[in-house]
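Following: one structure in structure tokens, then a few remarks.
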Amino acid sequence: MLWLLFFLVTAIRADLCQPDAENAFKVRLSIRTALGDKAYAWDRNEEYLFKAMVAFSMRKVPNRETTEISHVLLCNVTQRVSFWFVVTDPSRNHTLPAVEVQSAIRMNRNRINNAFFLNDQTLEFLRIPPTFAPPTDPSVPIWIIIFGVIFCIVLVATMLLILSGIRQHRRVKILHCPFQASAVNNQCHFGKNKGPSEMEDTEDKCENVITIENGIPCDPLDMKGGHINDAFVTEDERLTPL
Amino acid sequence: MAGAPGPAPPAEGGGEARPAWDNKLQYLLSCVGFAVGLGNLWRFPYLCQTYGGGAFLIPYVIALAFEGIPLFHIELAIGQRLRRGSIGVWTAISPYLGGVGLGCFTVSFLVSLYYNAILAWVLWYLLNSFQHPLPWGACPPDLNRTGLVQECRDSSPVSYFWYRRTLNVSADISDSGPLQWRLLLCLAASWAVVYLCVIRGIETTGKAIYFTALFPYLVLTVFLVRGLTLPGAMEGLTYLFTPDMQVLQNPRVWLDAATQIFFSLSLAFGGHIAFASYNQPRNNCRRDAVSVALVNSMTSLYASIAVFSVLGFKAASDHGQCLDRNILRLINAFDLPEQSVSRDDYAAALARLNASQPARVAGLPLEVCRLEDFLDKSASGTGLAFIVFTEAVLHMPGAPVWAVLFFGMLYSLGLSSMFGNMESMTTPLLDLGVMPRRVPKEALTGLACLLCFLTSSCFTLRSGSYWLEIFDQYAAALNLILLAFFEVVGVVYIYGMKRLCDDIAWMTGRRPGFYWRVTWKVVSPLLLLTIFVAYVALLASSPPGYKAWNPQYERFPSRQEKPYPGWVLAACALLSFLPTLWVPVVALGQLLARCREKTRNPPQDGRPKPQGSRAC
């Protein structure tokens, strides 16, 4: 009699857990993909842990705090490592509704994943969609920071160039004086890159009379430490005062 | 010839000398930088692959020898001889040809607008490369966090980042949408960088060019070395360079080779004329032309080797993932142990399962994985840079570093071309004396950059990328070919072949030989005319339309083909003809002005008639 009851019970329980049964979920693990060499073998102890995690998740649901490990049934374990499971109520005659099991698993997905060193892609609950973690955006996007740095550098460099241009412009104004133009002539040549043959061309000599070469003004003699020859008469002294 | 006095140069305005290059290297690097641009990287490899690999080099070299180098030599020669920007040069050759210079000026303006918009996109990607993981690697979760964003799931993370997060593209060109502030910021930064570098003309670009012209070569070498060590690189390279001689019978190949050489050397912009005008009068421009053109073509080849080794790696990696997906489907369906079927065993395992359970196997959604299909997925233009290559970079270890290097290289390639564009605009303006002498050069370039920035902000609208394609296809292509034709004809027939040969002999020490004279007189003008006619025929054969990115399209992620609305077609026509219209307009204007002058002051006794007044 007892044996008959036992067989009946296991038959009922076997009926409860079947592929595509009502309220049954398929689970698929990809341990070797996730862990490579450190992969563990899937044996009955791991199955026990899985049942424990599912029972733990169900105990967190209100009205289901009395769920035991024995209420979780596993079946059809394959070499892939995939299996089906159901959660029964304390009477072990009915399975719990799929919606409850689904919400319980979703709330504790992270704990279940971590117990097996897996993640949402390698521990799949088919028909239970994962909840994505909120995107970890920093408060200030990185591109704005780098943009700010580059833009500031460019602005500062532009300001420097404009200011130095203004300063040179002012110095050029001081220089525009015919006497000093010819005297500082020689100092202009080091900026140019001409071969000796080109010095003979008459047209090039005409171009030499200007004080600005390459936009670089020639510095006045006194700033270069040169000497102004006082033997030459300056403009204002040429006219004898009456 | 050596002792004869040289021809008198055109008088310089005011008392200031013309700026000059610090040394020859700056000038050569500027020309190389202007010629070597984004097209060398993302157009030439695509053409090589589409048109039978190594066989494409034959029409390419022929076009280089008979079209590219002769035209280039002419530009450098007249710029160096007449020492003026594009407008001044053509006015000096003949007042009736001033329109050619104005046309070049207008085309440079239009091109710099959209070229810097592309650089703004590159800058955006560059700024986003400084993070790990890269933002185009994964789809973001949707609003209630149950899945990924629908648009991203249907296409791919890389496409989603490009079309949605970067461009935020609208589904139709008429739907302009608001300005995208992110792109506007990047555009402002881009123009600020350009202004910083061209602020004092060649004085500042000459310093900047050392970096912007040489950095891309460094990065290309790094990519080449890295690319060749990646698995699958060799397959990519053999696929690229395996010649298919049959393809040479297709006339399209010759047309594309000729246009590629033409646009690759950046001819008819006026930029090379401007650069050469700052040279010493006696400089061997023939040697410069040949060397710069050869460097440009060598760079194209070098870049395509680097690009295709990386793309071969990507194809091999995609093929491997396709096989892995199929293997996973098999394992899941038949509950086989994990990793029991390797990539090499896949075909055998599939055959075994198909023999034993064909019905179940037929029910599986297995993909067809062929390496050739993945290698065939080529792209050119922005598709290559922002979709295909960014995806390839994702698979390389240390992805952010490679992304930074790649986009940095793209940016400096484009920046050195922008220098040439800006110079071709500012040099004529300075020569014409548009601003009073008191106004410093910095103000002129600043004004030019500001104007260009404000105008090009239209490319940051949601429909901006569609407009950019229009500008690229219609504003640049046809006008440049026509202007180059007028250039050659103007120099050879109006300036005079004898005068040109005398000038070149004075500048370089040797008269141009038979090859140069034949190509200038006959071959190049004929080639240009043929290219123009063929191009127009090609544009006319297919109704003008564009490919829109429409998530609501039933065949999404394929792009939806849409025709242009009427007002857009009018804009296309305007862009196609406006720059070249300057040529007849100015010629007519000059004719009328001469006529009026003749009727107002009839020539007195014996005074020889001025040239060109045979009419009226």
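The values are calculated or read from the model by the stated rules, or taken from the named source; none is laboratory data. Predicted, not measured: the structure shown is a model, and the values here were computed from it. Reconstructed Cβ throughout: ideal geometry from the backbone, glycine too, with neighbour counts over all protein chains shown.
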Would you say residue B:213 is within 14 Å of another protein chain (Cβ to nearest Cβ), in a helix (DSSP H, G or I), touching a residue at least 40 places away in the same chain (Cβ under 8 Å) and hydrophobic (A, V, I, L, M, F, W, C)?
no
Please state which one of B:187, B:123, B:167, B:119 is at pLDDT 90 or above, touching a Cys at 6+ places or on another chain (Cβ under 6 Å), crowded, with 22+ Cβ neighbours inside 10 Å and of a type outside the set (D, E, K, R).
B:123
For the stretch B:460-504: of the residues being more than 16 Å from residue B:269 (Cα to Cα) and under 17 Å from the mean Cα position of the chain (by Cα), which is surrounded by the fewest Cβ atoms within 10 Å (Cβ to Cβ)?
B:469
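If you check A:92, A:28, A:32, which single one turns out to be in a helix (DSSP H, G or I) and either crowded, with 16+ Cβ neighbours inside 10 Å or modelled with pLDDT under 85 (or both)?
On the way: A:92 fails: in a helix (DSSP H, G or I); A:28 fails: in a helix (DSSP H, G or I).
Answer to the check: A:32.
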Please state which of the following conditions residue B:131 fails to meet, knowing it meets all the rest: (1) within 9 Å of chain A (Cβ to nearest Cβ); (2) polar (S, T, N, Q); (3) free of Cβ contacts under 8 Å to residues at least 40 places away in the same chain.
(3)
Of B:156, B:94, the only residue that is away from chain A (no Cβ under 14 Å), within 27 Å of residue B:591 (Cα to Cα) and surrounded by fewer than 21 Cβ atoms within 10 Å (Cβ to Cβ) is B:94
Tell me which of these residue B:193 doesn't satisfy, since it passes every other one: (1) among the aliphatic types (A, V, I, L, M); (2) assigned to a helix (DSSP H, G or I); (3) touching a strand residue (DSSP E or B) at 6+ places or on another chain (Cβ under 9 Å).
(3)
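One line per residue, one yes/no per condition, for (1) more than 14 Å from chain A (Cβ to nearest Cβ); (2) at pLDDT 85 or above; (3) closer than 26 Å to residue B:266 by Cα:
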residue	(1), (2), (3)
B:371	yes, yes, no
B:374	yes, yes, no
B:381	yes, no, yes
B:394	yes, yes, no
B:414	yes, yes, yes
B:448	yes, yes, yes
B:453	no, yes, yes
Scanning the stretch B:324-348 for residues that are in a helix (DSSP H, G or I), within 14 Å of chain A (Cβ to nearest Cβ) and farther than 30 Å from residue B:389 by Cα gives B:330, B:331, B:332, B:333, B:334
What are the pairs with Cβ atoms under 6 angstrom where one residue, in the stretch A:149-167, is within 22 Å of residue B:186 (Cα to Cα) and the other, located anywhere, is part of a helix (DSSP H, G or I)? Sequence gap at least six, or different chains.
A:151/B:189; A:154/B:192; A:154/B:193; A:154/B:196; A:157/B:196; A:158/B:196
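Table: residues versus (1) without any contact (Cβ under 8 Å) to a residue 60 or more places away in the chain; (2) within 26 Å of residue B:317 (Cβ to Cβ).
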residue: B:401; (1), (2): yes, yes
residue: B:404; (1), (2): no, yes
residue: B:423; (1), (2): no, no
residue: B:428; (1), (2): no, no
residue: B:440; (1), (2): yes, no
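Here's the yes/no breakdown for (1) modelled with pLDDT of 90 or more; (2) in a helix (DSSP H, G or I); (3) over 24 Å from the mean Cα position of the chain (by Cα):
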{"position": "B:90", "(1), (2), (3)": "yes, yes, yes"}
{"position": "B:102", "(1), (2), (3)": "yes, yes, no"}
{"position": "B:111", "(1), (2), (3)": "yes, yes, no"}
{"position": "B:133", "(1), (2), (3)": "no, no, yes"}
{"position": "B:138", "(1), (2), (3)": "no, no, yes"}
{"position": "B:163", "(1), (2), (3)": "yes, yes, no"}
If you take the residues in the stretch A:106-130 that are touching a strand residue (DSSP E or B) at 6+ places or on another chain (Cβ under 6 Å) and outside any loop (DSSP other than H, G, I, E, B), which one is farthest from residue A:37 (Cα to Cα)?
A:125
Could you list, in sequence order, all residues of the stretch A:30-70 that are over 30 Å from residue B:327 (Cβ atoms) and touching a Lys or Arg at 6+ places or on another chain (Cβ under 7 Å)?
A:58, A:65, A:67, A:69
Restricting to the stretch B:423-446, count the residues that are over 16 Å from residue B:79 (Cα atoms) and either polar (S, T, N, Q) or surrounded by 15 or more Cβ atoms within 10 Å (Cβ to Cβ) (or both).
6
State whether the residues of the stretch B:58-70 include one that is buried (at least 23 other Cβ atoms within 10 Å of the Cβ), more than 23 Å from the chain's Cα centre (by Cα) and of a type in the set (Gly, Ala, Ser).
no
For the condition under 30 Å from residue B:173 (Cα atoms) and surrounded by 17 or more Cβ atoms within 10 Å (Cβ to Cβ), what is the one hit in B:519, B:580?
B:580
Candidate set: the stretch A:63-83, residues that are more than 10 Å from chain B (Cβ to nearest Cβ) and of a type in the set (A, V, I, L, M); chosen: the one surrounded by the most Cβ atoms within 10 Å (Cβ to Cβ):
A:72
Residue B:318 crowded, with 19+ Cβ neighbours inside 10 Å, without any contact (Cβ under 8 Å) to a residue 60 or more places away in the chain, assigned to a helix (DSSP H, G or I) and among the acidic types (Asp, Glu):
yes
